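Here is the structure we will look at.
The values are calculated or read from the model by the stated rules, or taken from the named source; none is laboratory data. The structure presented is a predicted model; accordingly, all values stated were derived computationally and were not measured. Methodologically, a virtual Cβ is constructed for each residue, glycine included, from the backbone with ideal geometry; neighbour enumeration extends over all protein chains shown. With ligands, DNA and RNA removed, areas are computed over all heavy atoms of the protein, side chains included. Shrake-Rupley method; radii C 1.70, N 1.55, O 1.52, S 1.80 Å.
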Amino acid sequence: MAAWSRRSTTNRVSLFFVVAIGILVIVANVLQETEKVRRNDVLHSLHSKFNTEPASHVPSELIQLGVYSNRDFAETKSRRAPPFWNCIGNRSDAAACNQQANVWGPCYAPTRQTDWQNEVEFSRANNHTAMYHDKLTSYGKSDIDNLSDYCKPGFLIIGAGKCGTSSLYHYITSHPRVLPALEKQIHYFKYYYEYPFKWYLRHFSTATNFLANGALLTGEASPGYLPYPDVVNRVRQALPGARIIVIGRNPLERAYSSYRYNYVEPTVEEMYKGRVPHVRAGRNKFYYEEFLFSFQDLVEAELDELRKCMNVSTGAAVVNARSHWSRYAWVREEVTRREQSGLPPMVDLDGSCYGKAVNSTVPREQWIALTAKYPNKVMTIRNLHLKQALIGRSLYFAPLEWWYAGIQATDIYFLCTEELRDLSGAPLEKLGRFLGLPFYNFSSALQEGAFNVGGHRGYDEEVSWQEVSSEAARLQDIPLSEDIRREVLSFVQPYNERLFKLVGRRCDW
C-alpha cells in the first residue's frame, strides 16, 4: 500500500510538470504571437506614416536596433552630412537633401512591409554583404518608373584614367558604412544613357539591404565620365547633390602608363593572335617591339596637334566649346562669366582635338606623318580614344572646368595620386569627411596594397606595395629624350597651374 502511494505521488508530480511545461509553451507562443503582431503593427504604422509624410532619416526601428543613430546624419564644422540624407537645419544645399515622401536617404522605399529586425539579422549573418536587383526583364513604363527598393549612388569617381581610380574606389568601399556597386565601372552617363535610369540603379544595393546594413553611401568609379561636357549635363540633371571625386597623377607618368596599358599591351595581343595582316602570329613579345610606335613618336605627334587645337583665338577646342555647348544655359553663364572676368576660355579638348580617321591604316590625322615615316608599324582602332590623347588626358584642368561650371564646387573633391601612398590614411579620412562618413581608419585597407597596377590584371586585382614600388621605378625611366621631356613639361606646366588654382590645392608635380 505504501509503495502504491509513493508511485501515485510520483505520477501526480510528473503530471504536474507536464502540465506546467505545456502551459509555459502556450504562454510563450502567445507572447511570441503578441510580439509579432505588435511589431507588425509598428511596421504598418511606420509604413503608413512613411507613405503620407516625408521621412526624416530612416525607419525608427533601425534606430531602435542600433543600426543608425541621429549622429549619422548630422552636419558639423568638420564633417558634411552624407549626400541625399535629410539635412533640414544643416548647411548643405537643399538639392542634396531628402525632403520627399517614400524616400530614405538615397533610397526609394520598398512598397512591401518590411520586418527590419529579420533583415538586420540576415545582413549580420551574411557579413553585411551587398545584395543587388535581378536584371530588368521588362522596359514598360510602369516598370521603368517604379523605383521601389532602389538606391542612388552618393558619389562618383569620374577619373582620371590610369591615376588610381580602382585603388581609390576599393579604399572608399572598405568603409563599413559604404556599399560597393555591382561593378566598379558602369559608365551609364557616357555609354548607356539611352537605357532607363532604373537600369543604372540596379547596379547598386537594394534599399532593403542598404538600410539593413546601416549604409550611408554607395557609388561607382567610371573614368570615362571626366572628359565629356555632355556627361556633366546628364549627372547634374539625374543626380543633383551627388559628390564628385577626381584623382590626378603626374601628367607625364600618367601618359606613359596609358601608353603601355592602352597601346603596347593590347597591340601586342592583337598581333600575337594574328589580327594584324602583315605581322606573324604566335611569336614572343620581343618580336613585336619593332612594329610598335615609341612613346616619343606618339607624344611628339600629339603635341603638334594640341598646340594648334588649343590656341586661344583660333583653336578648334576653344571655338567648339563656345559654339557647340552653349546650347546649355549653365555653359552660356560660364562663358559670359569668363569673358566678363577676363578668364581664359574653356576648351573642349577631347571632343575637338583629335579629328577623324584618314583611312584604315591611319585612324587619326595626327599620325599621318608617323605612318608615312614608319609604314610597317601598327596602330589599331582598339582603345583609340585613349591612345590618341596620351598628353591630352593628362591635362586635367580642361575637362574639370566643365564640371566646376555645371556642379557646385563644394560637391567636387580633387586628390593627388601620391596621397594614396600615405599609409596613415589621413588623406582618405579627409575625403571621408567630404563624403559625410563617420571616422574610419583607412590605413588597414591601404596596407593591403593597390589595385589594377602594372597591366590588365582586372579592377579587383590586388597588388602588393612592393610590386607597386617596382612598377613606379619602371615608370621613372620614361623613354623620352631630354629635349622632348623639357618640351612636354614646358607645355603641361601652365595647365597644371590652372588646375591647382581651380581645385584650390597643389600636387607635387
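Observations on the model:
- Largest first, the residues Val318, Val312 sort by 1.4 Å accessible area into Val312, Val318.
- The largest-to-smallest principal axis extents of the Cα set in the stretch 193-271 are 47, 28, 27 Å.
- Each Lys and Arg adds +1 at its Cβ and each Asp and Glu adds -1 at its Cβ; summed about the Cα centre, the stretch 385-474 shows a dipole of about 260 debye.
- Note on Gln408 and Arg382: the model spin-label points, each 7 Å out from Cα along the C-beta direction, lie 4.5 nm apart.
- Per residue, in Å², the accessible surface of the stretch 259-351 once ligands and nucleic acids are set aside, probe 1.4 Å: 53 Å²
- A simple count of charges around Pro438, restricted to other residues whose Cβ falls under 13 Å of its Cβ and scoring Lys, Arg +1 and Asp, Glu -1, yields +2.
- Reciprocal mean inverse distance between Cα atoms of the stretch 180-230 - Kirkwood radius, Å: 12.0 Å
- Equivalent ellipsoid semi-axes, the stretch 97-250, via Cα gyration tensor eigenvalues times 5, rooted, Å: 26, 20, 13
- Taking every protein chain into account, the accessible area of the stretch 197-247 amounts to 14 square angstrom per residue (probe 1.4 Å).
- FRET efficiency, 1/(1 + (r/R0)^6) with R0 30 Å, evaluated for Ser360 and Asp483 via beta carbons: 0.35
- Charge tally for Thr380 (other residues, Cβ to Cβ under 13 Å; Lys, Arg +1; Asp, Glu -1): +3.
- Shown here are the Rg and Dmax of the Cα trace of the stretch 360-509, at 19.2, 58 Å.
- Near Ala281, once Lys and Arg are set to +1 and Asp and Glu to -1 for all other residues with Cβ below 15 Å from its Cβ, the sum equals +3.
- Relative contact order %, the stretch 168-303, counting alpha carbon pairs below 8 Å whose residues are six or more apart: 20 percent
- Within the straight-line cut-off of under 13 Å between alpha carbons, the aspartates and glutamates reachable from Lys501 are Glu401, sequence neighbours fewer than 8 places apart in one chain being disregarded.
- Pairs exceeding 19 Å between alpha-carbon atoms, taken from Lys135/Lys162; Lys285/Lys356; Lys184/Lys273; Lys152/Lys190: Lys135/Lys162; Lys285/Lys356; Lys184/Lys273.
- The stretch 355-476: relative contact order in percent, alpha carbon pairs under 8 Å with at least 6 residues between: 11 percent
- Distance between modelled label sites at Phe122 and Glu194, nm, 7 Å Cα→Cβ extension: 3.7 nm
- Directionally averaged projected area (convex hull, Cα atoms, the stretch 143-216), nm²: 5.2 nm²
- Its residue count N sets the reference 2.2 N^0.38 Å, and the alpha-carbon radius of gyration of the stretch 271-342 equals 1.93 times that reference.
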